[in-house]
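The values are calculated or read from the model by the stated rules, or taken from the named source; none is laboratory data. Keep in mind that this is a model prediction, so the values were computed, not measured. Cβ atoms come from the backbone with ideal geometry, glycine included; neighbour counts cover every protein chain shown.
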Amino acid sequence: MTLPADPAERHRAVAAAFTARVQGTTDWDAPAPVDGWRARDVVGHLVGWFPDFLTSATGLVLDRGPSVADDPVAAWQVHSDAVQRVLDGPEASTPFDHQYVGELPLPQAVDRFYISDVFMHTWDLARATGQDERLDPETCADLLAAMQGMEEVLRSSGQYGPAVPVPQDADVQSRMLGFIGRDPLFGRS
């Protein structure tokens, strides 16, 4: 499945895939592939950082659901719906100007920084909870190529750990996961 190019439609598709993993989670305390995280922390990360990032660059304030500690499913759904409303509505034309990122069209900024994060963390939640962990290979390839071009910046930001070596002939999803510091064999015997 190739993801749509339009940021609003891409978010709809990527958020739906993540939502399916959220709704399929039965153990929110299962260890996740990010060091020190549990399944609940994957959702907490996504609903935690993006609202403040968006507000700082646009002044827009997203609806907030219950805490992830109380209800991770509802916390995600309220958050995801709020992001989709921004992308679908007149707020999509709001100027985006972030001190570290610069000026971008809002949909492009959401796509570059947030939707790609949801896409990659879909694997984390799926692997932690034993669900379908397959990601779109074309999107994996696109993300990997873009990130490799700015590896030094990404690593120095502290957002990505050291790369995990994968075999030369590994599939593109495994190569992308290794690049962002995930062990594609996490949780496997």
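Would you check which residues across the range 131-148 are charged (D, E, K, R) and touching a Ser or Thr at 6+ places or on another chain (Cβ under 7 Å) and list them? First the steps, then the outcome.
From the range 131-148, those charged (D, E, K, R) are 132-134, 136, 138, 142; that's our starting set.
Passing the criteria: Asp136, Glu138.
Out of the residues in the range 108-125 that are out of contact with any Phe, Trp or Tyr (no Cβ under 9 Å at 6 or more places or on another chain) and buried (at least 18 other Cβ atoms within 10 Å of the Cβ), which is farthest from Ala39 (Cα to Cα)?
Across the range 108-125, the extreme among qualifying residues is Asp111.
Only one residue in Trp28, Trp37 is modelled with pLDDT of 95 or more and touching a Lys or Arg at 6+ places or on another chain (Cβ under 6 Å), so which one is that? Before you say what the answer is, go through the steps one by one.
Values: Trp37 fails: touching a Lys or Arg at 6+ places or on another chain (Cβ under 6 Å).
Step by step, each of Trp28, Trp37 is checked, and only Trp28 is modelled with pLDDT of 95 or more and touching a Lys or Arg at 6+ places or on another chain (Cβ under 6 Å).
For the range 148-177, name all the residues that are assigned to a helix (DSSP H, G or I), among the acidic types (Asp, Glu) and either loosely packed, with under 12 Cβ neighbours inside 10 Å or at pLDDT 95 or above (or both). Show your work before the answer.
Restricting attention to the range 148-177, the residues satisfying the condition of being assigned to a helix (DSSP H, G or I) are 148, 151-157, 172-177.
Within this subset, residues satisfying the condition of being among the acidic types (Asp, Glu) are 151-152.
Listed by number, the list holds a single entry, Glu152.
Any chance you could count how many residues in the range 96-143 are charged (D, E, K, R), touching a residue at least 24 places away in the same chain (Cβ under 8 Å) and in contact with a Pro (Cβ under 9 Å, 6 or more places away or on another chain)?
Final tally of qualifying residues: 3.
Can you give me the number of residues within the range 93-107 that are surrounded by fewer than 16 Cβ atoms within 10 Å (Cβ to Cβ) and in a helix (DSSP H, G or I)?
Matching residues across the range 93-107 total 1.
If you go through the range 81-101 one residue at a time, do you hit one that is in the same structural domain as Gln23 (by TED's automatic domain parsing), modelled with pLDDT under 95 and among the small types (Gly, Ala, Ser)?
There is no residue in the range 81-101 that is in the same structural domain as Gln23 (by TED's automatic domain parsing), modelled with pLDDT under 95 and among the small types (Gly, Ala, Ser).
Return the total of residues in the range 26-74 being aliphatic (A, V, I, L, M) and closer than 16 Å to Asp117 by Cβ.
Of the residues in the range 26-74, the ones aliphatic (A, V, I, L, M) are 30, 32, 34, 39, 42-43, 46-47, 54, 57, 60-62, 68-69, 73-74.
With closer than 16 Å to Asp117 by Cβ added as a condition, the list becomes 32, 34, 42-43, 46-47, 54, 57, 62, 68.
Of the residues in that region, 10 qualify.
Does Arg64 satisfy the condition of being outside any helix (DSSP H, G or I) and among the basic types (Lys, Arg)?
Working: outside any helix (DSSP H, G or I): yes; among the basic types (Lys, Arg): yes.
Taking the combined requirement at face value, the residue satisfies it.
Output the number of the condition that Asp111 fails; it satisfies all remaining conditions of (1) of a type in the set (D, E, K, R); (2) part of a loop (DSSP other than H, G, I, E, B); (3) under 12 Å from the mean Cα position of the chain (by Cα).
Answer for Asp111: the failing condition is (2).
Being within 14 Å of the chain's Cα centre (by Cα) and of a type in the set (A, V, I, L, M), is that true of even one residue in the range 162-170? Steps first, answer last, please.
Step one: of the range 162-170, the residues within 14 Å of the chain's Cα centre (by Cα) are none.
The answer is no, given that none of the residues of the range 162-170 is within 14 Å of the chain's Cα centre (by Cα) and of a type in the set (A, V, I, L, M).
Of the residues that make up the range 120-130, is at least one within 24 Å of Arg21 (Cα to Cα), in the same structural domain as Asp41 (by TED's automatic domain parsing) and in a loop (DSSP other than H, G, I, E, B)? Spell out the reasoning first.
Start the filter on the range 120-130 by keeping residues that are within 24 Å of Arg21 (Cα to Cα), which leaves 120-130.
From what is left, the residues that are in the same structural domain as Asp41 (by TED's automatic domain parsing) are 120-130.
Checking the rest, the ones that are also in a loop (DSSP other than H, G, I, E, B) come to 130.
Scanning the range 120-130 turns up at least one residue that is within 24 Å of Arg21 (Cα to Cα), in the same structural domain as Asp41 (by TED's automatic domain parsing) and in a loop (DSSP other than H, G, I, E, B).
Is it the case that Ala145 is more than 23 Å from Thr26 (Cα to Cα), in a helix (DSSP H, G or I) and of a type in the set (Gly, Ala, Ser)? I'd like the intermediate steps shown before the answer.
Working: more than 23 Å from Thr26 (Cα to Cα): yes; in a helix (DSSP H, G or I): yes; of a type in the set (Gly, Ala, Ser): yes.
Considered against the rule, which asks whether it is more than 23 Å from Thr26 (Cα to Cα), in a helix (DSSP H, G or I) and of a type in the set (Gly, Ala, Ser), Ala145 comes out as yes.
Limited to the range 1-40, what total is found for residues that are among the charged types (D, E, K, R), free of Cβ contacts under 8 Å to residues at least 24 places away in the same chain and either surrounded by 14 or more Cβ atoms within 10 Å (Cβ to Cβ) or in a helix (DSSP H, G or I) (or both)?
The number of residues fulfilling the criteria is 1.
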